[in-house]
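Below: one structure, written as C-alpha cells.
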Amino acid sequence: MRKKNAGALFMDFHVSPDDRVGGQPTKTRGKATGKPAARKPARGERIEPGFVDSDSVRVDDERPQRSKTSRGKAKPAAKTKRGRRQKKPLTLGRIIFRLFSWGIILAVWGILAIGGVVLYYGMQLPSSSTWKVPDRAANIRIVAADGQLISNRGKSGGEAVSLHELPYYVPAAFVAIEDRRFYQHFGIDVIGLASVALESVKAGEVTRGASTITQQVAKNLFLTPDQTLGRKVQEAVLAVWLEQTYTKDEILELYLNRVNFGHEKYGIEAAAQFYFGKSARNISLSEAAMLAGSLQAPSRLNPRGNADLVKARQSLVLQAMSKEGYISAAEAKAATIDPSQTIRTKVTGSESYVADWVESLMTSYLGEVNQDVIVHTTINWDLQKEAEFDVREAISKYGADKGFSQGALVAMDVDGSVRALVGGVDYQKSQYNRAVTARRQPGSTFKPFVYLAGMEKGYTPDTVADDSPVDINGWKPENADGKYAGPMTLREALAKSRNTVAAILANDVGPEKVVEAAMRMGISSPLQAVPSIALGTQEVSLLELTAGYAPFANGGIGVIANVITRIETPDGKVLYDAVPTGPGRVIEPNIVAEMNDMLHAAIEIGTGKRAQLNGWPMAGKTGTSQKARDALFVGYTARMVTGVWLGNDDDKGTTLSGGNVPVEIWSQFMAKAHEGMAVADLPGAGADITVAADQQPLQPMEQPAADRPKKTLVDLLGDIFGGGN
C-alpha cells in the first residue's frame, strides 16, 4: 500500500452517492443535462477536496417511502415522535422486575448508609486493641467466726460465681426470657430485630427491646445508659467484638455477675443473698425465674417489688423456659407461685450492722481494696441472732408503753473481741448504727470512771461521803429521786447512783483526772474536763463504753474493741492476721478489786438488782440520761462484757430507766452467752479491802467566789442534763 502524505491523511476523501447508505449508482434520466458525466479517477490518482455538483449526484431520500397500493395511492406511515421509543404495555412480570430492581438499589444504598453510620460512630470508640473487659468491683465477703456468711460488701455487693457452679436452670431462665437465640446469633439478633420491628409497626409504637445478652453486656461494661443512636451503634460494634473475643458461656457469666437486680445489687450472688438469704448456687427454680424476670425493670419487678407484677413476670419466665425445652410444663406449673401465696424473701438482719462496721475498717487494714477478699471476724453467729431477737422482743413488748423505738447491744469477750453487735431494731428501715456511730449521753454508766479516779487517789469503797445538797462553783446537781440520804460509803453511793456524791468525788480528784481515767480505760470520744462530767453528760458510743468496762472484767488490762481476725484472698493468700495488741495494764490489781466490789454491789443492792445470771458473779452499772432520753446498762462477768442502750432517734424522752428493760435484755442475752461455761469469779474477788485508819470522810470542796472559774457551755449543759440512775 502506498504511503500517503501525512498532511493529507485526513483530507484524502471524496463523497459520492455510492458511499451513501442505501445509495444507488448515478444515472441519467434519459434526458441530456448538457454537462459532462463525472470521470472515475484512475487508481492512485490524487483527488483534491471539493464538492460534487448537486445536479450530477442525486441524494436518495432517507425518509420512509410510501408504498403504493393496488389503487396506486400511498399508505400513510405510522405517526411516531422522532427519537422516542414506542411505549411497551405494563405487565405483572415487568412490575415485579421493577420492584426487585428498585429493592436492590435501595438495599445497596441502605447498606452504604448503615455502613457510614457504623463507621462514623465506631471511629469515636478507642482503638480495638485497647478494648478490655473492666475488672469487676472488688467484693468483701464477711464471715462469722464459724465461717457463716454475714454479708457481702463492696460496690458489687456479692462475689462472682462461675456458670458451672449454678444449677442448670439458672442461666436457662435468663436465656429463655432475655435472648432465646443467644447461642445462635453473632452478637446481634437480626431475626429478633425484624420481629420487633414488625410488631412495633403493627402496634404503632415500640413494643419491646431487641438487645441481645451480648449487647447488654457491652452496654453495662463500656457505655453509658443514654438512649441515643450513637450509643446503640457502639453497643452493636462492641457486641460483635465480645462475640469474637469470648465464648458464649463466658459472655453469659459476665452478664450474670454484672447485671443490676435492683436495690443496688449487682450480680446474681448479691441478689440471691439479699433477696433469699442464700447463695445463687442454692436458689430454686422458682427463685431463679423471679430473678430473671426482674431484669426488665429491676426497681419494680425485683422479688420485693409489687407482688402481683412479680408473680406475673415469674410465670412468663417459666412458660418461656418450658417453650424452649429447658423444663417441662409440669415443672413450670409446680414452680409458679400461687396467686394467694406471699413471696418469701430474706429479712435483712442485725448482722448487716456488723458488716457496715467491718467495711468501714477495711481502708485502715488494707488501704484501697482492689481484689476480692474474705474477712474473718470474731462474731459468734448464734449470739448475734440471740442479741437481735432480745432487742426486738423488748421493743415489741415494752416500746409502745414506755415510749421508745430503738435499741442497741454490744457484747465482747474480756479481751475486746466483739461477739455480737446490734445497731438498731430494723436494718431495712434504718441503717444508722446506734452501737458504733451514735454518740449519746451515758448517764450514770460513766460514774465508774469517776470512782476509779477516786480509788486511784487513795479512797476505798468504804470511804464515807455525805449525800446532801451540794454547790460546786454554782453548779447544784440533784439526785434522780430528788432526795438525800446523808452519810454513806462510796460503795453504797455508787450502787444507788447518787449524783451528789459522784459530783463531790469528781470535784475532789479533779475533772482532768476523770478524763484521764476514762481515756485510759478505752473511751475515745473527746471529753472536756468540767464538773458535770461526773454525771455522764458528754456523749460516747455504746461500743467504746462497753470496751471501757473490759479492764474491770479481765483484771486491769486495757483493750481495743476488735472484730477482724484475718483477711485473705479467695485462694487463701493471707493479707492480714490479727495479733494480740492493746495498751497493756491500765489498772492496778488492788484497784480492780475495789472497783469490782463496788460494781458488784450495784447489782446486788443497787439499781441493777434485777440482773440475773444463774449464779455467775457479775457486776455493772445502770445509766439514765435527763428525761430518760437514754437508758443503759453495762454489765460483765469474768468471761464477757455486754452493754445495752434503749431510746429514740429523735431524742424524745421515755419512761425507761437503766435498771428495768435494759437490765432485762442484758440478763436474757448473757444467760444464752454463758451456756456451757464454767462459773468464774470476778478479778479481785475475796481481796481484803480495808479503810486506812487516818482516812477522812469525803467532803465537797467549796471555792471562794473570786477563785471560781467561769462556767463553760458544757457546764451549763451539765446543769440542764444532769445524769440519773
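The values are calculated or read from the model by the stated rules, or taken from the named source; none is laboratory data. Just so it is clear, the structure is predicted and the values come from calculations on it, not from any experiment. Every residue, glycine as well, gets a Cβ built from its backbone with ideal geometry; the counts of neighbours run over all protein chains shown. The protein model used for the area step is the full one, side chains on, heavy atoms only, and it has no ligands, DNA or RNA in it. Shrake-Rupley method; radii C 1.70, N 1.55, O 1.52, S 1.80 Å.
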Give the accessible area for Glu393 in Å² (nearest 10); use a 1.4 Å probe, count only protein heavy atoms, and leave out ligands, DNA and RNA.
-> 90
Each residue of the stretch 503-516 in turn: what ³J(HN,Hα) in whole Hz from Karplus with 6.51, -1.76, 1.60 and θ = phi - 60°, glycine and Pro shown as x?
-> 5, 4, 5, 4, 5, 5, 7, x, x, 4, 5, 5, 4, 4
With an 8 Å cut-off on Cα pairs and a minimum separation of 6 or more residues, tell me the relative contact order of the stretch 405-514 in percent.
-> 21
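I'd like the carbon and sulfur percentage of the solvent accessible area for the stretch 131-218, probe radius 1.4 Å, heavy atoms only, ligands and nucleic acids excluded.
Details: 2310 of 4160 Å².
Carbon with sulfur: 56 percent of the solvent-accessible area.
Rounded, prolate or oblate: pick one for the stretch 243-385, where a ≥ b ≥ c are the square roots of the eigenvalues of its C-alpha gyration tensor, a/c under 1.5 means rounded, and failing that, prolate if a/b is larger than b/c, else oblate.
Details: a/c = 2.43, a/b = 1.49, b/c = 1.63.
Since a/c reaches 1.5 but b/c is at least a/b, the shape of the stretch 243-385 is classed as oblate.
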5 angstrom amide H check on Thr565, placed H, neighbours 5+ away = His376, Thr377, Thr378
Once both label points are put 7 Å beyond Cα along the C-beta direction, the Glu250-Lys476 separation in nm becomes 8.3
³J(HN,Hα) computed for each position of the stretch 667-682 - Karplus, 6.51 cos²θ - 1.76 cosθ + 1.60, integer Hz, glycine/proline x = 5, 5, 5, 5, 4, 5, 5, 9, 4, x, 8, 6, 4, 9, 6, 6
When all protein chains stay in place, what accessible area (Å², nearest 10, 1.4 Å probe) is found for Arg98?
-> 120
Residues whose built amide H sits under 5 Å from the amide H of Ser156, excluding neighbours closer than 5 in sequence, are none
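Measuring with a 1.4 Å probe in the full set of protein chains, what accessible area per residue, in whole Å², belongs to the stretch 235-301? Write out the running numbers ahead of the final one.
Numbers: 2300 Å² over 67 residues.
Accessible area per residue: 34 Å².
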Under 5 Å from the placed amide H of Ser417, counting only residues 5+ away or on other chains, we find Asn562
Qualifying trypsin sites (Lys or Arg not before Pro) in the stretch 638-684, DSSP loop, other Cβ atoms within 10 Å at most 15 = Lys652
Unit charges at the beta carbon, dipole of the stretch 579-642: most positive-side option, Ala619, Phe633, Asn596 | Phe633
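Once the Cβ-Cβ distance between Val108 and Arg180 is put in as r, and R0 is 35 Å, what FRET efficiency do you end up with, to the nearest 0.05?
Values: r = 32 Å, r/R0 = 0.91.
Rounded to the nearest 0.05, the efficiency is 0.65.
Provide Ser350, Ser211, Ser364 ordered by accessible surface of protein heavy atoms (probe 1.4 Å), highest first.
On the way: Ser350 5, Ser211 35, Ser364 95 Å².
Final ranking, largest accessible area leading: Ser364, Ser211, Ser350.
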Skip the ligands, DNA and RNA, and give the accessible area per residue of the stretch 452-549 with a 1.4 Å probe, whole Å².
-> 32
Solvent-accessible ranking of Trp475, Trp241, largest area first, probe 1.4 Å | Trp241, Trp475
Kindly write out, for the stretch 412-422 in residue order, the coupling ³J(HN,Hα) from the Karplus curve 6.51 cos²θ - 1.76 cosθ + 1.60 (θ = phi - 60°), rounded to whole Hz, with x marking Gly and Pro.
-> 9, 5, 5, 8, x, 6, 6, 9, 7, 8, 10
So, with points 7 Å from each Cα along the Cβ direction, the Lys232-Arg566 label distance in nm works out to 5.4
Expressed in square angstrom to the nearest 10, the accessible area of Phe222 with a 1.4 Å probe stands at 70
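Could you calculate the FRET efficiency of Asp401 with Glu675 from 1/(1 + (r/R0)^6), where r is the beta carbon distance between them and R0 is 35 Å, rounded to 0.05? Mind showing how you got there, number by number?
Details: r = 30 Å, r/R0 = 0.87.
Step by step, r from the Cβ atoms, then E = 0.70.
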Euclidean distance between Cα centres, the stretch 478-508 to the stretch 428-450, Å | 24
